[in-house]
1. Hey, any hits in the range 105-112 for a residue that's polar (S, T, N, Q) and open to solvent by 50 Å² or more (accessible area, probe 1.4 Å)?
2. Given the structure, is Tyr94 at pLDDT 80 or above and either open to solvent by less than 90 Å² (accessible area, probe 1.4 Å) or within 22 Å of Arg122 (Cβ to Cβ) (or both)?
3. If only one of Pro134, Pro138 is open to solvent by 20 Å² or more (accessible area, probe 1.4 Å), over 23 Å from Arg69 (Cβ atoms) and in contact with a strand residue (DSSP E or B) (Cβ under 9 Å, 6 or more places away or on another chain), which one is it?
4. Can you tell me which of Tyr86, Tyr106 is farther than 18 Å from His76 by Cβ, in contact with a strand residue (DSSP E or B) (Cβ under 7 Å, 6 or more places away or on another chain) and modelled with pLDDT under 85?
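The values are calculated or read from the model by the stated rules, or taken from the named source; none is laboratory data. Since the structure is predicted, the reported quantities are computational estimates derived from the model, not experimental observations. Cβ placement follows ideal geometry from the backbone for every residue including glycine, while neighbour counts extend to all protein chains displayed. Heavy atoms of the whole protein, side chains included, go into the accessibility calculation; ligands, DNA and RNA do not. Shrake-Rupley method; radii C 1.70, N 1.55, O 1.52, S 1.80 Å.
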Amino acid sequence: MPQGLLKAGLITALALCTLSASAQPGPDHRGDRREDRREDKTFWRDRDQAERRYWQEHGRDARHYERHRYEVSPHHYRPPAWMEGYWRPGERRYVALVPGDPSRMYVFLGNRWVLREVRDRRARLDVEGAFALPVAPPPIPPPVGLNLHVVLFD
C-alpha cells in the first residue's frame, strides 16, 4: 500500500514539474519582442519595394490578358477553350454574336439557338475578337429581330 501511494505521488510530482517547466519562458525568451517586430516590418517593407520595382520594370503588359487566337489555318477557326464545352463531338459549332454587346451570344445547340451570357471579363475580350472572323450562313435563321454576327468554328 505505501509503495502504491509512493508511486502515485512520484508520478504526480513528475507531471507537475514538467508542466511548470514548460510554462516558464526559456533563457532566449525575455518577453521583449521589439527586435522581432522590427525585423518583421523590415521584411515586409523590403518585399513591398521589390514588388513595386517588378511592376515598374514589367509595366502593365505583365497584367494584360492575351486574347484568343482564332485562326488555326486559313479559313479554319478554333473556338476558345472556355467555349469548347458547349458542343458535343461532331456537332457543327455555330455562334451568333450580338453586335455592341460582348456579354451576350447565341450558341447553336441541337437545332436551336440558345442564349448564353458571358460574365468573365477575359471571355468578353475573346468574344469581341470573334467579330473579326468572317460571317457564316447559319443552318437556321437566328432569333427574329436581331442583326447577329454568325461564326462557324471547326
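1. Yes, the range 105-112 has at least one match.
2. yes
3. Only one candidate passes the filter, namely Pro138.
4. Of Tyr86, Tyr106, the one residue that is farther than 18 Å from His76 by Cβ, in contact with a strand residue (DSSP E or B) (Cβ under 7 Å, 6 or more places away or on another chain) and modelled with pLDDT under 85 is Tyr86.
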